[in-house]
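In what follows, a structure is listed as structure tokens, so that the remarks can point back to it.
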Amino acid sequence: MSENENIERKSSLIPNFPHDPYVRSVLKDPARTAELLRLASRKNNNLAQFLATVNLDTLQEISGAFSDTVSYGDSDLAFTVKIASDEPKQAELLVGVIEEHKSYPETGIIPQLVKYWFQIMVRNQKNIPTIAIVLYNGKDPWRIEKETMFPNYPEYYHKIGLPFLLELIDVSDIFEDEEIPQISPKIALALVALKYVFNGEKLKKHLKAAIAGLNSLPRNEAEDLLSQTFVYLKKWFNGDAKEQFKMDFKKCSEVYGYKSIAEVEEEESNNRVCDFAQALIDAGKITADEAAQYSNLSRDRFKEKV
């Protein structure tokens, strides 16, 4: 068994956390992705060189990049960004950024990214130069080995390179724990959650500092991010052995007047029910009135939810 295969086997034993939805919810905002790239570039010279060529203030999401494989590909997120230049014509040149998240080393990452690149950039963005960034928060160290595009072909074809530049960002290398108060609240909380999602003790130790920063945000923004983070980390808040940990999280959230854990759990449950009901409506299986009855919500409340 190869080292990568052994890592993937061990990774299959890791508790399943909803990493991708959480990463998308946090980094969908171009400003947050821009901050993440700036933070990561402090220790990644290649990334720093890339950022020196572009104007991150022009970063824009390619809408729906992860939801429609035929039209876009199904990577986590994708963006375009303009070249940084005083020359108007050159400054209009676009660069593509594919942002893919992994929580364990994956041997098939190269062909996966090539597929995303073709669907997102070639078919929809006129074949612009692309940077593929893999955001990694797994337990095992991972260094993406250089792979050939066509390993099964004769050696002559191995000279064909990747159609994009590839950078790996390991969340564990982005920031030091003492920097948490200096990072913007939204990114700080997300990075702490991602960095320590597999380590309950360290998560407990550093989550309080990250949550405290939310007090500087408008209440609705802070509440939304806190709720998303709770849903992501929910596995740590189950069972008698983790009751104290759950109480610590609860105290941190309630001191700022945010929703309680119980309210977040109820909303999460309602949202899952409404998503299922909407799917049945779309399939013509039930009416909206029947869906409202099924979800225990009034018709008006059901419409608000969906």
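The values are calculated or read from the model by the stated rules, or taken from the named source; none is laboratory data. None of these values were measured; they are calculated from a predicted model. Cβ atoms come from the backbone with ideal geometry, glycine included; neighbour counts cover every protein chain shown. Accessible surface is based on the protein model in full, side chains and every heavy atom, while ligands, DNA and RNA are left aside. Shrake-Rupley method; radii C 1.70, N 1.55, O 1.52, S 1.80 Å.
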What is the percent of Cα-Cα separations in the range 68-166 that go past 18 Å?
54 percent
Of K204/K235; K186/K235; K204/K234; K195/K235, those spanning more than 18 Å from alpha-carbon to alpha-carbon:
K186/K235
Can you give the % of DSSP beta bridges in the range 22-170 that are antiparallel, to the nearest 5?
45 percent
With a 24 Å threshold on alpha-carbon distance, the violating pairs from K82/K139; K139/K205; K28/K126 are K82/K139
So what's the net charge close to I83: Lys and Arg +1, Asp and Glu -1, counting the other residues with Cβ under 13 Å from its Cβ?
-2
Computed E for F118/S184 - FRET, C-beta separation, R0 30 angstrom, nearest 0.05:
0.30
Taking amide hydrogens as modeled 1.01 Å from N in the peptide plane, which residues meet the under 5 Å criterion relative to D170, leaving out close sequence neighbours?
Y136
The range 82-236: equivalent-ellipsoid semi-axes (sqrt of 5 x gyration tensor eigenvalues, Cα, Å)
35, 22, 13
What is the gain in length, in nm to one decimal, between K205 and L165 on full extension, counting 0.36 nm per residue of separation less the C-alpha to C-alpha distance?
10.7 nm
Using a 7 Å offset from the Cα along the Cα-to-Cβ direction at both T53 and S216, what is the distance between the two label points in nm, to one decimal?
3.3 nm
K235-Y153 FRET efficiency (beta carbon distance; Förster radius 51 Å; 0.05 resolution):
0.70
Accessible area, probe 1.4 Å, largest first, for residues D86, D76:
D86, D76
